[in-house]
Every structure is written in structure tokens, then in C-alpha cells.
Amino acid sequence: MKSSRLIKIATQSILKNKMRSLLTMLGIIIGVGAVIVMVAIGQGAQSMIQQQINSLGTNLIVISPGSSNSGGVSGGAGTYNRLTVDDADKLRNESIFLSGVSPEIATRGQVIGGQGNWRATINGVSTDYQFIRDWDVISGRFFDQSDMRSNRKVAVLGMTVADNLFPGEDPVGQRIQLRNVPFDIIGVLAEKGQTASGTDQDDVILAPYTTVQTRLSGRQFVPQILASTAIPSDIEAAQEEIKAIMRESHGLAQWEDDDFTVRNQSDLAETAQGTTEVMTMLLLAIASISLLVGGIGIMNIMLVSVTERTREIGIRLAIGARGSDVLTQFLVESIVMSILGGAIGIMIGFGGSYILGEATGWSTTIQPATIFVALGFSAAVGIFFGLYPARKASVLDPIDALRYE
Amino acid sequence: MEDQKTAVIRTVGAEKVYDMGKTRVRALAGVDFTVEQGEMVAIMGASGSGKSTLMNILGCLDLPTAGSYFLDGVRVETLSRNQLADIRNQKIGFVFQGFNLLPRTSAVANVELPLLYDRSGEKINTRKLASQALAKVGLGDRLDHEPSELSGGQQQRVAIARALVTDPSLILADEPTGNLDSRTSVEVLALFQELNDQGITIILVTHEEDISKYAKRIVELRDGYIIRDEQVADHRRAAVDLETFTPVAVEVEV
Ligand SMILES: Nc1ncnc2c1ncn2[C@@H]1O[C@H](COP(=O)(O)OP(=O)(O)OP(=O)(O)O)[C@@H](O)[C@H]1O
Ligand SMILES: [Mg+2]
């Protein structure tokens, strides 16, 4: 029989039983809808994390103390081989790939000024930090080399700090006290949002590390050094270079392991991506189960429908339908139903992920591939779960089927 | 084998035994029955005498449990399921005792159905052919009615239209007038006679002696045996009888 006739026969009988068809499709609709929403959430989360990692700055390289491969044991060793300002200076002076190097000396502390009190992270960094983090100043200026050299007590406020201490006014030119040391506010940073782990990056006060070391922390070691290259393709070479310079700076012998760790942004991204991938897989597994249940629903209804429509099958066989015609009719019916269900599911999935995206602020992206996979999968479900009932219908004896009450 | 070149239908000792565990019903007890091309046969007999059983075998819907059945010289028992399906589709028009129309399906779609399974590829405008067949049985204005929206007699005529639509060379009708009033019965018989005049072989089952008078030959069954098989010397012409019907009908309508 011609396929157009087959599809005609199948759609006729689907439309003849709208309610039953809809209920049959419901499983697939929910299954496909769920898969799409889940994938959208997963991809949304991933692109969110990607965005957050990018917000750390472009081409970022993080140097931290302690060996990466000996894990917890070297935590002890780390105490002997801390990073120092000298390491940072050496990197800046000797490297050819790095375009910016900055120590990062973070302490948390009480900030007094403007409207009152606030606890914030006080970050001692160099002038390169603005470039490394790719962080705009929206008001005032960032500190410069002369501020650094003279250990000036100047500070640049993150958005959160500025909003909380100086709501509705420009803090530039005002004064704050950090641990009872007065600092002049010379600039306000643009908003950067949260990190992947949910820390507010704008809840920060930047000051020259020289000032922070002498006035606030009083410690000579540097918890971590940030660096960046001008172009992404230099990152790998830069990492090798950093290792060499650092080994030399720490006076490590040939046989000694690194007593520091150099990671780039994609290393950071991978760790974060890994967790969201696990989450996505988990969601996908749950959604797939609902798709499976949907498929079984189709099979169930098709089986019931074969019994219920025994007389119809008998009539078709009696007037000259071959077994294969009946088989294809039922198969096409189940495929049409599951593809139709899949299409409705896709639409619901789109709507669902749009609403979810609006609600969470995540960019729930849906890729065209998802649609094809979803449609293909529904068709496969239709074939797989439609085959058994269809076969059952096709081997009926015409007379028995006609007599069936 | 005897001469069987023109025999459309030939059963040799056809038996049908329904084995239901405890009891065995012998619906056909060895039937030798031959029908030549162009015959119009009425099969009569009491209820349960085996008429439908015989028709099902003749219509290739069922196979005899013993004996054999030749259709156009071909031994039906040797054919495959698909071959039987194709014969039912192309050669035979079957009118079932209980109409057997698809529920919730329009009259025209019901009549169209056999054409959808046609494998010759010649039946292209299936909808049109179906409408024409319905017009032939006087239901040209009921194309889109579903069986539940039609009277018993109209359903019967839809079933007849479905049997005609494929232009079969053999029409098997199991009580085609069972649900019709006498005038419509005669109309249907006129249609059958017209088809028969064109050379189509017709076998119909009926309870009524009156109806059987329109056939050229009457065969009577009892308990699975043929107990009577005679030619009707001068069978009635339905078309002629309709003319005498007409004045009455007109009077009623006026
Ligand atoms: N599927 C079946 N299983 C068991 N017995 C059957 C079956 N079909 C028919 N019979 C029996 O075979 C006999 C003949 O039945 P059949 O239907 O041929 O009668 P019929 O002459 O067509 O009767 P009616 O005029 O009532 O239609 C009956 O005794 C019936 O009970
Ligand atoms: Mg009967």
C-alpha cells in the first residue's frame, strides 16, 4: 500500500479516538518535555558557569602554593614554600608570555564608612589586577604604580560594598576605615556578579597589595598569584614558563617536585563543568525513565486497542488487507502518535524551559540537535513499543476477528 | 478431475467441523457444489444449516476442515495468507450478514476501504469510485453519514456498495436483504441482476422464498448437506417488479 494511504488510515483512526490518542501520547509528551527541560537546565547551568568563569577574567592563570599531585601531604610542605611578592615580581620581570601578574592577598574585615558598617573581603592586588580580571571601573580610577610605590591608603570598591555603604551616592572622594586604618576611595568597580560557587564577587575592596601587606595583614607571604596572557593561545606556553621561573625562584633541584600549582581557567572550568555534567546526566536519566514509561504507555494502549478493534481488524482482513497492511497500519499509528506526542512535548519543553529561564535568570538554551534527537527518540519509542501489538493484530484470523464480540 | 474450465466455484466434499473441546459441530457435512460463471444462485436453509459457513469458505475467509475448494480452478487450501487476502480484495465482493462496517467512519470511507488495499495500482481516484458505488445503491446523498446515523437498510446498502466498489467477478452476499423492506429488497435484487447481466457471478443467502425467486438457481442446505439444488425455470425480474411497485410508491409520496 502507498505510504500516503497508510498515513491517512492511521491519522483517521487516531482522530477517531481523540481522547484515547491524547492520553496515549501524554506519556511521550511528558517524557520528551521533561528531557528537553532537563537538557535546557543542564546546558543553562553549564553556560552560566562558563559565564561566571569567564567573569574571573580572560586568559587567567592561577598560581597557588603546594604541589597539586601530592595532595594533602604537601599542605605541610606548603608552609615552608609559600609564594612571595618576590615570586610575583620575578614572574612579571622575566616572563615573555605573561601580560599581567598580580599577587592576591585577601583578608576579610570590618569596613566603616558612609552609612555604617560592612564586612567585606579586602583584596591586596597590583595594578595589573584590573587587566587580569578584565574589570571595568565605572567611577573614579584604579590605583596606579605611584600609589603602589608609596603604599598609599587608597581603595577601589566593589559594587556591593559601594551600594551598602554609600547607597545612592558616589563614594569616590570619600573615606572608609579598614581595621581602623583610613583609606581614600578612588574608584568603584563595575558589577561582576556571583562566582560558580555563589560568592559575590562584588563584595570586595581592592587596595594596593603593598599597602595591605604593611597596614593590614602584616604578613609577607602571598596566598595566590594571578596572571594572564594577552591571547588565549599563549596560555599553555605561559604555564610552562611560569613553572620554570617559579622552580628557579624557589631554588628547586632537578629531582624535587613543584611546590606550587599552576592552573588555568579551563582547568577551573572543567572541574565546575564536571559537576554540572553529572547533574545533567542525572536529570536526563530521570527524564529518560519517564520517556520509557511513556513508551510502555503507548504499548499498553496499543495492546488494548488491538483487542478493542479486533472486529475492525477482521473487517480489514476480510476485504483484502494483508497481514502486513494491518501491521504497518498499527505501527504507523503508534509512530504517528509518538511523533505527534514528541512534537507537543518539544513545544511544552520549549515553553517550560523559557519559563524556567525567566524564573531563574539562567540562559536555558535549546539546541536544534535536541529537537531532532527528541523526535528521533519518540519515533523509535513508537516503533519499539508499537511492534508487538501491531504484530499481534496482523496475525489474527479474519473469521475469528470478525466474530469477536 | 472433471471439466472445470469455466467453473468459478467448485467444492469437493467440503466439510467444516467446529471442534470445541467437548462438542464438535459439523457445520458442513461434505458439500459438492459447483457454480459456473454468470450464475445467480440463492442459498436457502434454516438457521444454523451452514449457509454462512459455506459462504465464508467460498469467500476465502475460512478453509474447509476436509475436502477441497477450487476458485477459478485454483485450489484455495494451497494458497498463502497474502494470496487469499489479494483474492478477497480483487475477485470477491463480500456482503456480510452483520454488515461489518467500521464504526465512526463515514459511509464513503467505509466503501473506499477495499480500494485502499488494492495492489493493482489501477484504482486511483478511490473517493470518487466510492461515491459512485454509493450512488448505485441509492445512497449518493449519504456519503458522510456514519453507520450509527444510518438506518439498518441503509447500512446494508453501504455494505453492498463496499462489495461492488472493487468491480469483483464474484459477489457473495450473506442475507443482503435481511434488513430491508420489500421494496428496497427488490431494488437491491435489481442491482444484483443488473450486475449478473454483465456476467458477474452472484451467490446470495436468503431465508425468504420470495427473494430466492429472483435467482436463476436455488440451493437449499440442511444440517450441512445440500438437500435441494434446482434451476428456477423462469426467475422474476426485479426491474419489472419495480415498475409495478412504482405507482404505489408515488401514491404514498403524494
Ligand atoms: N465459530 C463457530 N464455532 C462453533 N460453531 C459454529 C461456529 N460458527 C458456526 N457454528 C455452528 O455451525 C452451524 C452453522 O452455522 P452458520 O452460521 O453457517 O448457520 P447459518 O445457516 O448461516 O444460520 P443463520 O441463518 O442463522 O445465519 C451452527 O450450528 C453454528 O452453531
Ligand atoms: Mg448465517
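The values are calculated or read from the model by the stated rules, or taken from the named source; none is laboratory data. On a predicted model such as this, the values are computed, not experimentally measured, just so you know. Every residue, glycine as well, gets a Cβ built from its backbone with ideal geometry; the counts of neighbours run over all protein chains shown.
Can you name every one of the helices (runs of 4 or more DSSP H) wholly within the range B:92-189 that holds 3 or more residues which are away from chain A (no Cβ under 13 Å)?
B:126-136, B:152-164
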Within the range B:51-65, is there a residue that is within 8 Å of chain A (Cβ to nearest Cβ) and part of a helix (DSSP H, G or I)?
-> yes
Just to be sure, is residue A:139 under 17 Å from residue A:213 (Cβ atoms) and either touching an Asp or Glu at 6+ places or on another chain (Cβ under 7 Å) or modelled with pLDDT under 90 (or both)?
-> no
Considering each residue of the range A:205-247, count those that are part of a helix (DSSP H, G or I), surrounded by fewer than 16 Cβ atoms within 10 Å (Cβ to Cβ), in contact (Cβ under 8 Å) with a residue 40 or more places away in the chain and not aliphatic (A, V, I, L, M), and give that number.
-> 2
Sole residue being surrounded by fewer than 22 Cβ atoms within 10 Å (Cβ to Cβ), within 12 Å of ligand 1 (Cβ to nearest atom) and touching a residue at least 12 places away in the same chain (Cβ under 8 Å), chosen from B:66, B:29 = B:29
Residues being touching a Ser or Thr at 6+ places or on another chain (Cβ under 9 Å) and within 16 Å of ligand 2 (Cβ to nearest atom): count how many of those fall in the range B:97-106.
-> 1
Check the range A:387-397 and report whether any residue there is within 14 Å of chain B (Cβ to nearest Cβ), within 16 Å of ligand 1 (Cβ to nearest atom) and either of a type in the set (Asp, Glu) or in contact with a Lys or Arg (Cβ under 6 Å, 6 or more places away or on another chain) (or both).
-> yes
Could you tell me whether residue B:205 is closer than 25 Å to residue B:46 by Cα, touching a Lys or Arg at 6+ places or on another chain (Cβ under 6 Å) and buried (at least 19 other Cβ atoms within 10 Å of the Cβ)?
-> yes
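Yes or no: residue B:75 more than 16 Å from ligand 2 (Cβ to nearest atom), among the charged types (D, E, K, R) and touching a helix residue (DSSP H, G or I) at 6+ places or on another chain (Cβ under 8 Å)? Talk me through it step by step, then tell me what you get.
Working: more than 16 Å from ligand 2 (Cβ to nearest atom): yes; among the charged types (D, E, K, R): yes; touching a helix residue (DSSP H, G or I) at 6+ places or on another chain (Cβ under 8 Å): no.
Spelling it out, it is not the case that residue B:75 is more than 16 Å from ligand 2 (Cβ to nearest atom), among the charged types (D, E, K, R) and touching a helix residue (DSSP H, G or I) at 6+ places or on another chain (Cβ under 8 Å).
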Being out of contact with any Asp or Glu (no Cβ under 9 Å at 6 or more places or on another chain) and part of a strand (DSSP E or B), is that true of even one residue in the range B:205-219?
-> no
If you go through the range B:45-63, how many residues are within 10 Å of ligand 1 (Cβ to nearest atom) and either at positive phi or small (Gly, Ala, Ser) (or both)?
-> 7
What do you reckon, is residue A:360 assigned by TED's automatic domain parsing to the domain that holds residue A:10, in contact with a helix residue (DSSP H, G or I) (Cβ under 8 Å, 6 or more places away or on another chain), modelled with pLDDT under 85 and surrounded by 19 or more Cβ atoms within 10 Å (Cβ to Cβ)?
-> no
Go through (1) of a type in the set (A, V, I, L, M); (2) within 29 Å of residue B:235 (Cα to Cα); (3) crowded, with 22+ Cβ neighbours inside 10 Å one by one and return the number of the condition residue B:107 breaks.
-> (2)
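Which of the residues belonging to the range A:321-331 are touching a residue at least 60 places away in the same chain (Cβ under 8 Å), of a type in the set (A, V, I, L, M) and surrounded by 23 or more Cβ atoms within 10 Å (Cβ to Cβ)?
Start the filter on the range A:321-331 by keeping residues that are touching a residue at least 60 places away in the same chain (Cβ under 8 Å), which leaves A:323-330.
Subset that is of a type in the set (A, V, I, L, M): A:326-327.
A:326, the sole residue that qualifies.
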On the given criteria, is residue B:240 of a type outside the set (Asp, Glu) and away from ligand 2 (no atom under 16 Å from the Cβ)?
-> yes
